[in-house]
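Engineer: Here it is, the structure, as structure tokens.
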Amino acid sequence: MSPMPRKAPLVALLAAVTAVGPFSLQALSPALPAIATDFVVPAAVAQLMLSLSLVAMAATTLVWGPVSDRLGRRPVMVAGMLLAGAGSALSAVAPELWLAALGRLMQAGGAVAGRVLARAVAYWLLHRLRGAAPKRSRWRTVTFETLRAAFLKIAVRVEHLKTRIRLSLPSACPHAPMIAFMLRRIHAQGP
């Protein structure tokens, strides 16, 4: 057992900001008939809001990464969440469809920052685990995707205790001894 890492609140925050984008899309779909009724437009026009949201998410996905490389992850994440919040507020009070659509564009463009930047932050969190591997281990040279796939395959069970997190590796996991070694080594290094 290792003490609870100080990064646990960060991981919870990353999970929350990652969920903002999918939640905003899922919340819009059932509201489309009400949007068409309230703004007195055909259903096809109301559905354009969903299409525009997807286009905004695709376009801003290409923007947030390079901008965060230049300005830093935190300010760009905050800016993205503020943009998403402002877009949500604008959509909620919009008296006309074009303002609601503009708000949805802002919301979708800002919300995708969470998905893009959470992956970048998770990479750097796992970078420390990779650095804890023995020098001649294949774990030292694996990519982030390989590490992530390995963790998904072993189905690590995490138990949150009052002051500790306990990781239970399945006995059938072929990499359990190496992962346990690296986790002990990280714990010995301290925060």
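The values are calculated or read from the model by the stated rules, or taken from the named source; none is laboratory data. This structure is a prediction, so every number in the text was calculated from the model and none was measured. Please note: Cβ atoms are built from the backbone with ideal geometry, for glycine as well, and neighbour counts cover all protein chains shown.
Engineer: Out of contact with any helix residue (DSSP H, G or I) (no Cβ under 8 Å at 6 or more places or on another chain) and aromatic (F, W, Y): which single residue out of W64, W98 fits that description?
Structural biologist: None of the other options fit; the residue is W98.
Engineer: Something else about it: Just to be sure, is R136 at pLDDT below 90, among the charged types (D, E, K, R) and within 17 Å of the chain's Cα centre (by Cα)?
Structural biologist: no
Engineer: Only residues that are under 15 Å from S24 (Cα atoms) and out of contact with any Gly (no Cβ under 6 Å at 6 or more places or on another chain): list them for region 49-62, please.
Structural biologist: Hits for region 49-62 are M49, L50, S51, L52, S53, L54, V55, M57, A58.
Engineer: Got at least one residue in region 9-25 being at pLDDT below 90, within 19 Å of E96 (Cα to Cα), of a type outside the set (F, W, Y) and out of contact with any helix residue (DSSP H, G or I) (no Cβ under 8 Å at 6 or more places or on another chain)?
Structural biologist: No, the conditions are met nowhere in region 9-25.
Engineer: Counting just the residues of region 34-48 that are hydrophobic (A, V, I, L, M, F, W, C) and outside any helix (DSSP H, G or I), which one comes out surrounded by the most Cβ atoms within 10 Å (Cβ to Cβ)?
Structural biologist: F39
To keep it simple, each residue is scored yes or no on (1) assigned to a helix (DSSP H, G or I); (2) among the β-branched types (V, I, T); (3) surrounded by fewer than 15 Cβ atoms within 10 Å (Cβ to Cβ).
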position	(1), (2), (3)
L32	yes, no, no
L50	yes, no, no
S53	yes, no, no
T61	yes, yes, no
S68	yes, no, no
P75	yes, no, yes
A84	yes, no, no
L90	yes, no, no
A100	yes, no, no
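Engineer: Looking at the structure I just gave you, is D38 modelled with pLDDT under 90, assigned by TED's automatic domain parsing to the domain that holds Y123 and charged (D, E, K, R)?
Structural biologist: Considered against the rule, which asks whether it is modelled with pLDDT under 90, assigned by TED's automatic domain parsing to the domain that holds Y123 and charged (D, E, K, R), D38 comes out as no.
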